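Student: For reference, the structure I am asking about is given below.
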Amino acid sequence: MTLSRIRPPFIADERTQLVGWLDLQRAIVHFKCEGLSDADAHRPVLPTSPLMTMAGIVSHLRWTEQAWFEVLFLGGPADGPQFRQDPADADMMVDGVPLADLLADYEQQCARSNEIIAAHSLDEPGRHPDFTSAQASLRWMIIHMVEETARHAGHADAIRELLDGGKGYY
């Protein structure tokens with residue numbers, strides 16, 4: 001499935017704009033992965049950051065979506081790899097996992113996140129009793145996810161250029 005890389009409308013309600021910007025950044029991550037082989041998706045290009053691969057970024061973003069919307073906001077169990085203290089960055093350790101599977105999992109998680117966003121007030125705070133960040137409103141969490149996803153979309157942009165010279169925002 002090709003996700004739309006279109007900016008949200010200039011005039012729209014707040015939820016439409018917030019989700020629109022988040023969806024755009026998510027789509028850019030998918031775009032940066034188009035045509036990559038599994039070998040390239042798992043190849044580190046930064047010697048001091050061996051987990052910073054295209055596959056690692058996609059996995060990290062998938063688990064970050066789950067953490068903010070299902071765990072911190074809804075109060076679900078903190079059972080994803082990002083909650084492990086050892087090893088650090090476990091959510092980026094995806095050797096042997098095909099990029100297509102990682103992208104499908106990410107897309108499914110994003111759809112779940114959008115369902116959660118659609119069903120709740122932007123002013124509603126998170127529910128998880130064990131994490132201070134769960135006190136944030138859904139609005140704050142969406143804005144954070146726009147920032148988080150855009151940051152890693154930028155990483156993906158640089159990684160793609162280092163892998164094969166691929167460039168482009170849209």
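The values are calculated or read from the model by the stated rules, or taken from the named source; none is laboratory data. Everything numeric in this text was worked out from a predicted model, so none of it was measured. All Cβ positions, even for glycine, are placed from backbone atoms using ideal geometry, and neighbour counts span all protein chains on display.
Student: What's the number of the only condition in (1) surrounded by 15 or more Cβ atoms within 10 Å (Cβ to Cβ); (2) more than 18 Å from the chain's Cα centre (by Cα) that ASP95 fails to meet?
Tutor: All conditions pass for ASP95, except number (1).
Student: Taking PHE69 and the conditions (1) farther than 18 Å from HIS155 by Cα; (2) touching a Phe, Trp or Tyr at 6+ places or on another chain (Cβ under 8 Å), which numbered condition does it fall short on, given that it satisfies the others?
Tutor: (2)
Student: I'm checking my understanding of the structure. Among residues of the stretch 118-170 that are within 15 Å of GLY56 (Cα to Cα) and of a type in the set (Gly, Ala, Ser), which one is farthest from the chain's Cα centre (by Cα)?
Tutor: Out of the qualifying residues, it is ALA158.
Student: Collect the residues in the stretch 111-147 that are farther than 23 Å from ASP13 by Cβ and either among the hydrophobic types (A, V, I, L, M, F, W, C) or in contact with a helix residue (DSSP H, G or I) (Cβ under 8 Å, 6 or more places away or on another chain) (or both), keeping them in residue-number order.
Tutor: Of everything in the stretch 111-147, those that are farther than 23 Å from ASP13 by Cβ and either among the hydrophobic types (A, V, I, L, M, F, W, C) or in contact with a helix residue (DSSP H, G or I) (Cβ under 8 Å, 6 or more places away or on another chain) (or both) turn out to be ARG127, HIS128, PHE131, SER133, ALA134.
Student: Taking TRP140, is it more than 24 Å from HIS42 (Cα to Cα), free of Cβ contacts under 8 Å to residues at least 24 places away in the same chain, hydrophobic (A, V, I, L, M, F, W, C) and surrounded by 15 or more Cβ atoms within 10 Å (Cβ to Cβ)?
Tutor: So TRP140 fits the description; yes.
Student: Confirm whether HIS30 is modelled with pLDDT of 95 or more, surrounded by 16 or more Cβ atoms within 10 Å (Cβ to Cβ) and more than 21 Å from TYR169 (Cβ to Cβ). Before the answer, list the steps.
Tutor: Working: modelled with pLDDT of 95 or more: yes; surrounded by 16 or more Cβ atoms within 10 Å (Cβ to Cβ): yes; more than 21 Å from TYR169 (Cβ to Cβ): no.
In short, no.
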